[in-house]
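**Q** Have a look at this one before I ask anything.
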Amino acid sequence: IVLTGNAGDGKTHLIRRLSHRFPKSCEIIYDATAEMENGRPEPVLDRIQKSLTTGKMSGFILAANEHQLLKLREKARTSASSILKEIFRLIDLQARCRVFYQYGQPIEIGTKNKVIVIDLSLRNPLSPSFVKLMINKLILDEEIIARARNDQTFALNLQRLSHPQVQKRLTSLLDRLVLRGER
(Lines give C-alpha, C1' and ligand atoms only; values in the text may rest on other atoms or scores of the structure.)
Protein backbone atom coordinates (compact mmCIF):
# COMPACT_ATOMS: atom_id res chain seq x y z
CA ILE A 1 0.00 0.00 0.00
CA VAL A 2 1.34 3.40 -0.95
CA LEU A 3 -0.24 6.49 0.58
CA THR A 4 0.67 9.67 -1.21
CA GLY A 5 -0.48 13.26 -1.30
CA ASN A 6 0.57 16.65 -0.07
CA ALA A 7 2.27 17.38 3.22
CA GLY A 8 -0.41 17.47 5.90
CA ASP A 9 -2.93 15.32 4.04
CA GLY A 10 -2.82 12.76 6.86
CA LYS A 11 -0.77 9.90 5.43
CA THR A 12 1.24 9.18 8.57
CA HIS A 13 -1.75 9.84 10.82
CA LEU A 14 -3.86 7.33 8.88
CA ILE A 15 -1.17 4.66 9.05
CA ARG A 16 -0.72 5.16 12.79
CA ARG A 17 -4.50 4.98 13.35
CA LEU A 18 -4.74 1.72 11.39
CA SER A 19 -1.40 0.11 12.31
CA HIS A 20 -3.00 -2.22 14.87
CA ARG A 21 -4.83 -3.90 11.97
CA PHE A 22 -1.67 -4.67 9.97
CA PRO A 23 0.16 -7.99 10.33
CA LYS A 24 3.20 -7.80 12.63
CA SER A 25 5.45 -8.74 9.71
CA CYS A 26 4.26 -5.80 7.62
CA GLU A 27 7.04 -3.30 6.89
CA ILE A 28 5.90 0.27 7.46
CA ILE A 29 7.64 3.40 6.21
CA TYR A 30 5.73 6.18 7.93
CA ASP A 31 7.47 9.01 6.08
CA ALA A 32 9.63 8.48 3.01
CA THR A 33 11.00 12.02 3.30
CA ALA A 34 12.39 11.31 6.77
CA GLU A 35 13.95 8.04 5.55
CA MET A 36 15.75 9.69 2.64
CA GLU A 37 19.32 10.91 3.15
CA ASN A 38 19.86 14.42 1.77
CA GLY A 39 16.85 13.91 -0.50
CA ARG A 40 18.29 10.71 -1.99
CA PRO A 41 15.75 7.89 -2.34
CA GLU A 42 18.22 4.98 -2.07
CA PRO A 43 17.72 4.33 1.68
CA VAL A 44 13.97 3.93 1.15
CA LEU A 45 14.43 1.72 -1.89
CA ASP A 46 17.03 -0.37 -0.03
CA ARG A 47 14.61 -0.88 2.86
CA ILE A 48 11.80 -1.88 0.51
CA GLN A 49 14.15 -4.19 -1.44
CA LYS A 50 15.31 -5.87 1.76
CA SER A 51 11.73 -6.32 2.92
CA LEU A 52 10.63 -7.83 -0.38
CA THR A 53 13.52 -10.29 -0.66
CA THR A 54 13.67 -11.64 2.91
CA GLY A 55 10.39 -13.52 2.49
CA LYS A 56 9.48 -12.77 6.11
CA MET A 57 7.33 -9.80 5.28
CA SER A 58 3.60 -9.93 4.65
CA GLY A 59 3.61 -6.62 2.79
CA PHE A 60 4.71 -3.04 3.06
CA ILE A 61 3.07 0.29 3.59
CA LEU A 62 4.75 3.43 2.36
CA ALA A 63 3.75 7.03 3.06
CA ALA A 64 5.37 9.46 0.63
CA ASN A 65 4.68 13.00 -0.44
CA GLU A 66 4.02 13.23 -4.14
CA HIS A 67 7.47 14.60 -4.99
CA GLN A 68 9.30 11.96 -2.96
CA LEU A 69 7.21 9.23 -4.56
CA LEU A 70 8.21 10.58 -7.98
CA LYS A 71 11.88 10.43 -6.93
CA LEU A 72 11.42 6.83 -5.76
CA ARG A 73 9.67 5.86 -9.00
CA GLU A 74 12.39 7.43 -11.14
CA LYS A 75 15.24 5.82 -9.18
CA ALA A 76 13.54 2.39 -9.11
CA ARG A 77 13.40 2.37 -12.94
CA THR A 78 17.21 2.20 -13.02
CA SER A 79 17.49 -0.31 -10.18
CA ALA A 80 19.27 -3.62 -10.70
CA SER A 81 16.48 -5.35 -8.78
CA SER A 82 13.76 -6.81 -11.00
CA ILE A 83 11.41 -7.08 -7.99
CA LEU A 84 11.86 -3.41 -7.16
CA LYS A 85 11.41 -2.44 -10.81
CA GLU A 86 8.16 -4.41 -11.03
CA ILE A 87 6.74 -3.04 -7.77
CA PHE A 88 7.50 0.52 -8.81
CA ARG A 89 6.20 -0.11 -12.34
CA LEU A 90 2.84 -0.95 -10.73
CA ILE A 91 3.12 2.05 -8.41
CA ASP A 92 3.94 4.26 -11.40
CA LEU A 93 0.97 2.92 -13.35
CA GLN A 94 -1.44 3.63 -10.52
CA ALA A 95 0.09 7.02 -9.75
CA ARG A 96 -0.61 7.96 -13.37
CA CYS A 97 -4.14 6.46 -13.33
CA ARG A 98 -5.45 7.64 -10.00
CA VAL A 99 -8.01 5.66 -7.99
CA PHE A 100 -10.57 7.99 -6.55
CA TYR A 101 -13.64 7.58 -4.40
CA GLN A 102 -17.09 9.03 -4.71
CA TYR A 103 -19.53 8.72 -1.82
CA GLY A 104 -17.32 6.06 -0.24
CA GLN A 105 -17.22 3.77 -3.26
CA PRO A 106 -14.02 3.21 -5.24
CA ILE A 107 -14.22 3.78 -8.97
CA GLU A 108 -12.46 0.89 -10.69
CA ILE A 109 -9.46 1.49 -12.93
CA GLY A 110 -9.11 -2.10 -14.07
CA THR A 111 -5.94 -3.07 -12.21
CA LYS A 112 -5.91 -6.36 -10.31
CA ASN A 113 -2.50 -6.53 -8.69
CA LYS A 114 -1.06 -6.59 -5.21
CA VAL A 115 -0.10 -2.91 -5.17
CA ILE A 116 -2.47 -0.06 -4.43
CA VAL A 117 -1.66 3.64 -4.48
CA ILE A 118 -4.01 5.91 -2.57
CA ASP A 119 -3.65 9.63 -3.13
CA LEU A 120 -5.06 11.42 -0.10
CA SER A 121 -4.90 14.75 -1.90
CA LEU A 122 -7.86 13.59 -4.00
CA ARG A 123 -10.26 13.36 -1.08
CA ASN A 124 -12.83 16.09 -0.56
CA PRO A 125 -12.70 17.25 3.05
CA LEU A 126 -15.38 19.86 2.35
CA SER A 127 -18.15 17.35 1.65
CA PRO A 128 -21.33 18.08 3.63
CA SER A 129 -20.96 14.96 5.75
CA PHE A 130 -17.38 15.90 6.60
CA VAL A 131 -18.37 19.48 7.49
CA LYS A 132 -21.19 18.29 9.75
CA LEU A 133 -18.89 15.83 11.49
CA MET A 134 -16.25 18.53 12.07
CA ILE A 135 -18.77 21.05 13.38
CA ASN A 136 -20.14 18.46 15.83
CA LYS A 137 -16.60 17.61 16.90
CA LEU A 138 -15.92 21.30 17.57
CA ILE A 139 -19.07 22.04 19.52
CA LEU A 140 -18.64 18.95 21.71
CA ASP A 141 -14.90 19.41 22.32
CA GLU A 142 -14.19 19.67 26.06
CA GLU A 143 -11.39 22.24 25.64
CA ILE A 144 -13.62 24.49 23.55
CA ILE A 145 -16.48 24.18 26.03
CA ALA A 146 -14.11 24.98 28.92
CA ARG A 147 -12.78 28.06 27.13
CA ALA A 148 -16.34 29.21 26.41
CA ARG A 149 -17.01 29.24 30.16
CA ASN A 150 -14.29 31.87 30.62
CA ASP A 151 -14.67 33.95 27.46
CA GLN A 152 -18.01 35.55 26.54
CA THR A 153 -17.11 36.17 22.90
CA PHE A 154 -15.93 32.59 22.55
CA ALA A 155 -19.15 31.37 24.23
CA LEU A 156 -21.27 33.44 21.82
CA ASN A 157 -19.44 32.00 18.83
CA LEU A 158 -19.86 28.47 20.16
CA GLN A 159 -23.56 29.09 20.74
CA ARG A 160 -23.98 30.39 17.18
CA LEU A 161 -22.02 27.50 15.72
CA SER A 162 -24.31 25.12 17.61
CA HIS A 163 -27.42 26.57 15.96
CA PRO A 164 -28.81 24.33 13.13
CA GLN A 165 -29.43 27.30 10.81
CA VAL A 166 -25.81 28.50 11.14
CA GLN A 167 -24.57 24.96 10.49
CA LYS A 168 -26.79 24.68 7.42
CA ARG A 169 -25.54 28.01 6.04
CA LEU A 170 -21.91 27.16 6.75
CA THR A 171 -22.30 23.80 5.02
CA SER A 172 -23.94 25.52 2.06
CA LEU A 173 -21.13 28.06 1.83
CA LEU A 174 -18.47 25.35 1.91
CA ASP A 175 -20.45 23.35 -0.65
CA ARG A 176 -20.20 26.33 -3.02
CA LEU A 177 -16.42 26.24 -2.61
CA VAL A 178 -16.41 22.56 -3.58
CA LEU A 179 -18.41 23.38 -6.74
CA ARG A 180 -15.71 25.90 -7.63
CA GLY A 181 -13.09 23.16 -7.35
CA GLU A 182 -11.67 24.17 -3.97
CA ARG A 183 -10.65 21.63 -1.31
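The values are calculated or read from the model by the stated rules, or taken from the named source; none is laboratory data. Given the structure is predicted, the values throughout are model-derived calculations rather than measurements. Cβ placement follows ideal geometry from the backbone for every residue including glycine, while neighbour counts extend to all protein chains displayed. Protein only, heavy atoms only, side chains kept; ligands, DNA and RNA dropped before computing areas. Shrake-Rupley method; radii C 1.70, N 1.55, O 1.52, S 1.80 Å.
**Q** For segment 132-183, what are the residues that are surrounded by 11 or more Cβ atoms within 10 Å (Cβ to Cβ) and in contact (Cβ under 8 Å) with a residue 24 or more places away in the chain?
**A** Lys132, Ile135, Leu161, Gln167, Leu170, Thr171, Leu174, Asp175, Leu177, Val178, Arg183
**Q** Please specify each residue of segment 72-93 satisfying the condition of being among the aliphatic types (A, V, I, L, M) and surrounded by 14 or more Cβ atoms within 10 Å (Cβ to Cβ).
**A** Leu72, Ala76, Leu84, Ile87, Leu90, Ile91, Leu93
**Q** Please name all residue pairs, on different chains or six or more residues apart, with Cβ atoms under 9 Å, provided the first residue is in segment 1-28 and is farther than 21 Å from Leu72 by Cβ and the second residue is aliphatic (A, V, I, L, M).
**A** Leu18/Ile61; Ser19/Ile28; Ser19/Ile61; Pro23/Met57; Ser25/Met57
**Q** May I ask you to verify whether Ile61 is in contact with a strand residue (DSSP E or B) (Cβ under 6 Å, 6 or more places away or on another chain), surrounded by 13 or more Cβ atoms within 10 Å (Cβ to Cβ) and at pLDDT 90 or above?
**A** yes
**Q** Another question about this same structure. Considering only segment 31-58, state which residues are under 14 Å from Ile1 (Cα atoms) and either surrounded by fewer than 18 Cβ atoms within 10 Å (Cβ to Cβ) or among the polar types (S, T, N, Q) (or both).
**A** Asp31, Ser51, Leu52, Met57, Ser58
**Q** Hey, could you check segment 15-30 for residues that are open to solvent by less than 60 Å² (accessible area, probe 1.4 Å) and not small (Gly, Ala, Ser) and say which is nearest to His67 (Cα to Cα)?
**A** This residue is Ile29.
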